[in-house]
Amino acid sequence: MPSNKSVSDAPIVQFTNCRILRDHRLQREDLWVREGKILNPEKLFFDEKGSADVQLDCKDSIIAPGFIDVQINGGFGVDFSLATDDFKSGIDLVSQKILSHGVTSFCPTLVTSPPSVYHQILPQISVRNGGAHGAGILGAHLEGPFISKEKKGAHPEHCLRTFEAGAFQDLLATYGSLDCVQIVTLAPEMRRSSEVIRELTKRGICVSLGHSVANLSQAEEAVQHGATFITHLFNAMLPQFHHRDPGIVGLLTSDKIPAGRRVFYGMISDGIHTNPAALRIAHRAHPKGLVLVTDAIAGMGLAPGRHTLGQQVVEIDGLNTYIAGTKTLSGSVATMDTCVRHFQEATGCSVETALEAASLHPAQLLGIEHKKGTLNYDSDADFLMLNDSLYVRATYIAGEEVWRQDVLGM
């Protein structure tokens, strides 16, 4: 049947011989793409009397939505918290390199820094679509400096701040601008944090709780004021889970979450930051809230040795990354596809569940699931071809191939 161009002149591509992740299960269906969007074939056949211009044999690949990384501090020698003259070329390099790991959108993350660093760096981050140049940028994730001294982790203590008389104005003065900010991580036990959470939420910015010694009622109060995320669950929280006060972790099963609201939580599933048993506990308690994050630092993709993380020097030893000279963990060097595979292995969950933890859930967290994180009709055609072991074969953004594993490795 000849293709009908009455609606659009753009070519229609039909991906065949594949299993696509749709409605939480892998389905043996073709995927149809036009003008960077997923196309409904029924409308094409019956309304437009059209057909495909190009057919691509996917060789029995899994097709899944592109991964979305909402916490990545850098990689490949680039540190997003370092104000350099060539900051933009650094962010371009990372966005290009993570395509091979299945990431099609991300939130460049800045760790606790002095105000001058935020003022220099934030104006250089802009929200942009992905493409052959690299993964799309959804906005910055600012992790700190309004966090707990006791749970600072790898964040430099001399840069930590509290909310003074100005509360939200203090935050604005520290960051300089919130124009490109998507997520702010703060400690909810801080005085006046409630009004800051309300103000950020009002502006459409996602508030995440982390690096905190908050008790459960403080965490619940923060959620009631609009917080929706937990930064790397279990890491940089109360020293242990206590049955009389489970702290922030208790949000996973709290009955005080406002109706219709879901709390999401980030997990670093690298086999280092979170014991597999802890990963399983979290997943079984609240599977629909789990968001895989890499928390990757500049050393991701580099050889072992010393690298920077904002104001600190870190040492990479295998998959372990420490503040130099200590045993304090500082971000990871795991890639997103590795985290997805480890998560599936550690929890024994389905392939669908593992893939959605890196795509659908982060999209829902950011309120962009109508265009990212699914293969629903009319959503952005950002997707991956993977083999059955969840290794990425090819990455597509807006329906265009932006990375492919060389044929020898297929």
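Computed quantities for the displayed model
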| read-out | value |
| --- | --- |
| Entirely in segment 6-66, the strands (runs of 3 or more DSSP E) that have 2 or more residues that are charged (D, E, K, R) | 12-22, 54-65 |
| First in segment 325-343 and closer than 25 Å to A394 by Cβ, second anywhere and open to solvent by less than 20 Å² (accessible area, probe 1.4 Å) and aromatic (F, W, Y), Cβ under 6 Å, 6 or more apart | M336/F67 |
| Qualifying residue in segment 315-338 (condition: part of a strand (DSSP E or B), outside the structural domain of T274 (by the TED database) and open to solvent by less than 20 Å² (accessible area, probe 1.4 Å)) | no |
| Unique residue being aliphatic (A, V, I, L, M), part of a strand (DSSP E or B) and modelled with pLDDT of 95 or more when the list is L172, L200, L178, L142 | L142 |
| Residue under evaluation D295, criteria (1) touching a strand residue (DSSP E or B) at 6+ places or on another chain (Cβ under 7 Å); (2) acidic (D, E); (3) open to solvent by 60 Å² or more (accessible area, probe 1.4 Å), criterion not met | (3) |
| Subset of segment 117-133 (residues that are open to solvent by 50 Å² or more (accessible area, probe 1.4 Å) and outside any helix (DSSP H, G or I)) | S126, V127, R128, N129, A132, H133 |
| Residue in segment 214-226 that is modelled with pLDDT of 95 or more, among the charged types (D, E, K, R), surrounded by 20 or more Cβ atoms within 10 Å (Cβ to Cβ) and farther than 13 Å from H141 by Cβ present | yes |
| Selection within segment 161-189 - under 22 Å from the mean Cα position of the chain (by Cα) and either surrounded by 17 or more Cβ atoms within 10 Å (Cβ to Cβ) or closer than 27 Å to L216 by Cβ (or both) | Y175, L178, C180, V181, Q182, I183, V184, T185, L186, A187, P188 |
| Strands (runs of 3 or more DSSP E) contained in segment 220-313 and holding at least 2 residues closer than 21 Å to K152 by Cβ | 264-268, 305-309 |
| Selection within segment 96-116 - in contact (Cβ under 8 Å) with a residue 40 or more places away in the chain, of a type in the set (G, A, S) and outside any loop (DSSP other than H, G, I, E, B) | S100, S105 |
| Pairs where the first residue, in segment 386-408, is touching a residue at least 60 places away in the same chain (Cβ under 8 Å) and the second is hydroxyl-bearing (S, T, Y) and not in a strand (DSSP E or B), C-beta under 6 Å, 6+ apart | W403/S100 |
| Among residues of segment 11-41, those that are among the charged types (D, E, K, R) and more than 21 Å from N387 (Cβ to Cβ), counted | 4 |
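The values are calculated or read from the model by the stated rules, or taken from the named source; none is laboratory data. Treat the numbers as computed from the prediction; the structure is a model and nothing was measured. Don't worry about glycine lacking a Cβ; one is built from the backbone with ideal geometry, like all the others, and counts go over all protein chains shown. Side chains included, ligands, DNA and RNA excluded: accessible areas come from the protein's heavy atoms. Shrake-Rupley method; radii C 1.70, N 1.55, O 1.52, S 1.80 Å.
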